[in-house]
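*Asks:* This is the structure, below, for whatever I ask next.
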Amino acid sequence: MTSSADTSITGFFVRYRTIDLVTITTLGVAFGLVYWAWGKAYAPLSEPLVLAYPPLAGLFGGVWLIAGVVGGLIVRKPGAALVTELVAAAVSLLVVGGTEWGVSTLASGFFQGLGAELVLALLLYRRFGVVVAALAGAVAGAFESLYEWQSYYDYWDLPYKLVHLGLFALSGAVVAGVGGWLLVQGLARAGVLDAFGPGREQAREV
Amino acid sequence: MTGAVLRVNPLVLLAVGLGSLLGSFAVRDLTTGLVTLAAYALAVVLTVPSWRYPLLCLLFCSIAAASVVWSTWRLGGHDEAKAFTAGLRILVLAWPGSVAAGYVDPARLGDHLAQSLHLPGRFVAAFSAALQRFWSLVREWQELERVRRARGVGPSRSPLATLRYAAGAAFALLVQAMRGASRASVAMDARGFADAHHRTWAEPATWTRADVAGLAVATGLALVPLVLHLT
């Protein structure tokens with residue numbers, strides 16, 4: 001049995017502790033609630049700007065990416081970012097119902113989570129600073145934008161698609177990346193991440 | 001309006017949505033879009049118990065579709081046919097799935113994820129445990145609001161103040177959720193959760209005749225746009 005003090009990765013096969021799994025799914029449920037609420041606020045907030053210049057929709061997308069970044073930053077194990085984002089997307093789709101994008105929400109969650117996961121994986125799950133977080137958010141946004149090119153904005157001319165991608169990545173870097181990093185620091189200071197890396201780094205030896 | 005949708009398992013409902021998502025990629029002209037949407041509308045009318053929820057979903061999806069029609073017209077060379085095709089595609093992509101998702105019982109989903117799809121048991125059990133917390137999180141949010149109002153720290157009318165207030169309350173909610181998570185995981189481990197080899201589930205994941213028929217209908221509907229596109 002893995003002891004609850006063991007937060008580091010040993011070898012390729014990672015054993016998830018119970019608290020890792022429960023934290024991932026709890027974050028998923030909490031962010032699912034946030035996503036659902038943001039989904040309701042999204043249309044009235046974004047529609048005026050989207051009417052003026054459609055690629056601006058990307059700027060509002062960063063909020064959808066935060067679960068993956070936060071899950072990855074807290075749990076720090078392979079798969080955590082992807083699964084947290086996927087669970088959040090599933091919860092926002094299934095529990096309350098009535099989202100405007102249907103099962104596409106799940107596909108989005110998958111690609112967004114994959115983007116964040118990829119950045120953390122390329123750094124071998126060793127670096128979790130603010131720059132890495134911003135990068136994870138940006139790549140998650142870029143992945144989502146690429147998915148939306150295929151599924152929603154297929155007929156847009158390429159330059160507009162590229163603007164959408166850039167704005168989505170920017171929004172991901174700022175809102176999900178830097179915002180997610182600040183959120184994790186805040187949670188660590190509040191003392192609820194003691195079982196995880198960010199909480200350990202906050203702890204002071206006395 | 002038979003309510004048949006209530007008798008199929010959650011995986012069949014998700015398959016309907018997944019089928020419409022995949023099928024939507026084959027919607028390349030107006031006729032395909034209209035026929036596919038009509039086929040889904042017929043299936044929805046025949047299976048749902050009441051018309052209110054599907055219509056509400058259609059309203060939400062139409063807002064999204066209208067936005068895509070506008071942007072495609074504006075950024076795709078002012079081509080009306082293309083724009084409306086893109087809009088219809090969004091309806092095919094989103095509407096069936098959002099209707100079907102509304103009839104999924106989250107409590108039953110875990111049984112099926114574990115027993116039919118054979119996802120890792122520990123993860124599914126943790127997921128189901130977290131889902132149980134959803135409505136208690138909603139209640140906690142309302143409690144936070146009442147407490148803040150009683151202390152006179154509610155938001156003023158400006159949108160910025162509302163946003164700050166919502167962010168602060170969301171943070172407090174997240175702190176409570178994380179505390180609950182560590183309490184729950186200690187309780188789960190105390191009951192031998194981490195090292196269990198044989199797990200039992202709340203209910204068996206059965207595949208009745210209705211489920212198989214539902215899966216066949218989901219597949220058939222997904223193939224409608226593809227067949228129309230190829231012929």
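*Asks:* Evaluate the following for residue B:50: is it out of contact with any Cys (no Cβ under 6 Å at 6 or more places or on another chain), within 24 Å of residue A:39 (Cβ to Cβ), within 12 Å of chain A (Cβ to nearest Cβ) and not hydrophobic (A, V, I, L, M, F, W, C)? Steps first, answer last, please.
*Replies:* Numbers: out of contact with any Cys (no Cβ under 6 Å at 6 or more places or on another chain): yes; within 24 Å of residue A:39 (Cβ to Cβ): yes; within 12 Å of chain A (Cβ to nearest Cβ): no; not hydrophobic (A, V, I, L, M, F, W, C): yes.
It is false that residue B:50 is out of contact with any Cys (no Cβ under 6 Å at 6 or more places or on another chain), within 24 Å of residue A:39 (Cβ to Cβ), within 12 Å of chain A (Cβ to nearest Cβ) and not hydrophobic (A, V, I, L, M, F, W, C).
*Asks:* Looking for whichever is touching a Ser or Thr at 6+ places or on another chain (Cβ under 8 Å) and at the interface with chain A (Cβ under 8 Å from one of its Cβ atoms) here; the options are B:95, B:70. Which one fits?
*Replies:* Details: B:70 fails: touching a Ser or Thr at 6+ places or on another chain (Cβ under 8 Å).
B:95 is the lone residue from the list that is touching a Ser or Thr at 6+ places or on another chain (Cβ under 8 Å) and at the interface with chain A (Cβ under 8 Å from one of its Cβ atoms).
*Asks:* Please pick out the residue among B:41, B:15, B:65 that is surrounded by fewer than 20 Cβ atoms within 10 Å (Cβ to Cβ), part of a helix (DSSP H, G or I) and either in contact with an Asp or Glu (Cβ under 8 Å, 6 or more places away or on another chain) or small (Gly, Ala, Ser) (or both). First the steps, then the outcome.
*Replies:* Details: B:15 fails: surrounded by fewer than 20 Cβ atoms within 10 Å (Cβ to Cβ); B:65 fails: surrounded by fewer than 20 Cβ atoms within 10 Å (Cβ to Cβ).
Being surrounded by fewer than 20 Cβ atoms within 10 Å (Cβ to Cβ), part of a helix (DSSP H, G or I) and either in contact with an Asp or Glu (Cβ under 8 Å, 6 or more places away or on another chain) or small (Gly, Ala, Ser) (or both) holds for just one of B:41, B:15, B:65, which is B:41.
*Asks:* Any chance you could count how many residues in segment A:86-131 are within 14 Å of chain B (Cβ to nearest Cβ) and out of contact with any Cys (no Cβ under 9 Å at 6 or more places or on another chain)?
*Replies:* Of the residues in segment A:86-131, the ones within 14 Å of chain B (Cβ to nearest Cβ) are A:86-111.
With the extra rule that they be out of contact with any Cys (no Cβ under 9 Å at 6 or more places or on another chain), the set shrinks to A:86-96, A:103-111.
Total satisfying the criteria: 20.
*Asks:* How many of the residues in segment A:149-178 are part of a helix (DSSP H, G or I) and crowded, with 23+ Cβ neighbours inside 10 Å?
*Replies:* Going residue by residue through segment A:149-178, those that are part of a helix (DSSP H, G or I) are A:149-151, A:158-178.
With crowded, with 23+ Cβ neighbours inside 10 Å added as a condition, the list becomes A:164, A:168-169, A:171-173, A:176-177.
Count: 8.
*Asks:* Something else about it: Could you please let me know if residue A:61 is modelled with pLDDT of 90 or more, farther than 30 Å from residue A:201 by Cα and either away from every other protein chain (no Cβ under 12 Å) or crowded, with 24+ Cβ neighbours inside 10 Å (or both)?
*Replies:* Values: modelled with pLDDT of 90 or more: yes; farther than 30 Å from residue A:201 by Cα: yes; either away from every other protein chain (no Cβ under 12 Å) or crowded, with 24+ Cβ neighbours inside 10 Å (or both): yes.
Yes, satisfied.
*Asks:* Out of all the residues in segment B:126-148, which are more than 19 Å from the chain's Cα centre (by Cα) and crowded, with 20+ Cβ neighbours inside 10 Å? Give the steps one after another, and end with the answer.
*Replies:* Within segment B:126-148, the subset more than 19 Å from the chain's Cα centre (by Cα) is B:126, B:136, B:139-148.
Scanning segment B:126-148 gives a single hit, B:126.
*Asks:* Quick one: in segment B:186-209, which of the residues that are without any contact (Cβ under 8 Å) to a residue 24 or more places away in the chain and part of a helix (DSSP H, G or I) is farthest from the other protein chains (Cβ to nearest Cβ)?
*Replies:* Applying the filter and picking the extreme gives B:209.
*Asks:* Identify the residue in segment B:114-125 that is assigned to a helix (DSSP H, G or I) and within 10 Å of chain A (Cβ to nearest Cβ) and, among all such residues, is nearest to the chain's Cα centre (by Cα). Working first, answer last.
*Replies:* Narrowing segment B:114-125 to residues assigned to a helix (DSSP H, G or I): B:114-115, B:121-125.
The next check asks that each one be within 10 Å of chain A (Cβ to nearest Cβ); those that pass are B:122-125.
Numbers: B:122: 23, B:123: 20, B:124: 17, B:125: 20 Å.
Of everything passing the filter in segment B:114-125, B:124 is nearest to the chain's Cα centre (by Cα).
*Asks:* Let me ask something else. Test residue A:8 against the criterion of being at pLDDT below 95, surrounded by fewer than 17 Cβ atoms within 10 Å (Cβ to Cβ), assigned to a loop (DSSP other than H, G, I, E, B) and facing chain B (nearest Cβ under 9 Å), and give yes or no. Walk me through it before giving the result.
*Replies:* Details: at pLDDT below 95: yes; surrounded by fewer than 17 Cβ atoms within 10 Å (Cβ to Cβ): yes; assigned to a loop (DSSP other than H, G, I, E, B): yes; facing chain B (nearest Cβ under 9 Å): no.
So residue A:8 fails the test.
*Asks:* Which residue pairs have Cβ atoms under 6 Å apart, sit 6 or more places apart or on different chains, and have a first residue in segment B:41-52 that is under 9 Å from residue B:5 (Cβ atoms) and a second that is of a type outside the set (S, T, N, Q) and modelled with pLDDT of 90 or more?
*Replies:* Pairs that qualify, where the first residue is under 9 Å from residue B:5 (Cβ atoms) and the partner is of a type outside the set (S, T, N, Q) and modelled with pLDDT of 90 or more, are B:44/B:54; B:44/B:99; B:48/B:54.
*Asks:* Would you mind finding the one in B:218, B:205, B:181, B:210 that is surrounded by 12 or more Cβ atoms within 10 Å (Cβ to Cβ) and more than 22 Å from residue B:105 (Cβ to Cβ)?
*Replies:* The match here is B:181.
*Asks:* Same structure, new question: For segment A:25-33, does any single residue satisfy the condition of being buried (at least 24 other Cβ atoms within 10 Å of the Cβ), modelled with pLDDT of 90 or more, over 21 Å from residue B:57 (Cα atoms) and more than 11 Å from chain B (Cβ to nearest Cβ)?
*Replies:* No, segment A:25-33 contains no residue that is buried (at least 24 other Cβ atoms within 10 Å of the Cβ), modelled with pLDDT of 90 or more, over 21 Å from residue B:57 (Cα atoms) and more than 11 Å from chain B (Cβ to nearest Cβ).
*Asks:* For residue A:44, only one of the following conditions fails: (1) modelled with pLDDT of 85 or more; (2) within 11 Å of another protein chain (Cβ to nearest Cβ). What is its number?
*Replies:* (1) is the only condition that residue A:44 fails.
*Asks:* Collect the residues in segment A:45-58 that are of a type in the set (Ser, Thr, Tyr) and surrounded by fewer than 17 Cβ atoms within 10 Å (Cβ to Cβ), keeping them in residue-number order.
*Replies:* Going through segment A:45-58, the residues of a type in the set (Ser, Thr, Tyr) turn out to be A:46, A:53.
Passing the criteria: only A:53.
*Asks:* Moving on to the next point. If I filter segment B:82-105 for residues that are closer than 27 Å to residue B:36 by Cα, surrounded by fewer than 24 Cβ atoms within 10 Å (Cβ to Cβ) and out of contact with any helix residue (DSSP H, G or I) (no Cβ under 8 Å at 6 or more places or on another chain), do I get at least one hit?
*Replies:* Within segment B:82-105 (the criterion being closer than 27 Å to residue B:36 by Cα, surrounded by fewer than 24 Cβ atoms within 10 Å (Cβ to Cβ) and out of contact with any helix residue (DSSP H, G or I) (no Cβ under 8 Å at 6 or more places or on another chain)), the answer is no, since none of the residues qualifies.
*Asks:* I'm checking my understanding of the structure. Among residues of segment B:133-153 that are facing chain A (nearest Cβ under 9 Å) and assigned to a helix (DSSP H, G or I), which one is farthest from residue A:21 (Cα to Cα)? Walk me through it before giving the result.
*Replies:* Going through segment B:133-153, the residues facing chain A (nearest Cβ under 9 Å) turn out to be B:133-135, B:137-138, B:141.
Narrowing further to those that are assigned to a helix (DSSP H, G or I): B:134-135, B:137-138, B:141.
Values: B:134: 16, B:135: 20, B:137: 18, B:138: 21, B:141: 23 Å.
Residue satisfying both the conditions and the ranking: B:141.
The values are calculated or read from the model by the stated rules, or taken from the named source; none is laboratory data. Being a predicted model, the structure only gives us computed values, none of them experimental. We place every Cβ from the backbone using ideal geometry, glycine too, and count neighbours over all the protein chains shown.
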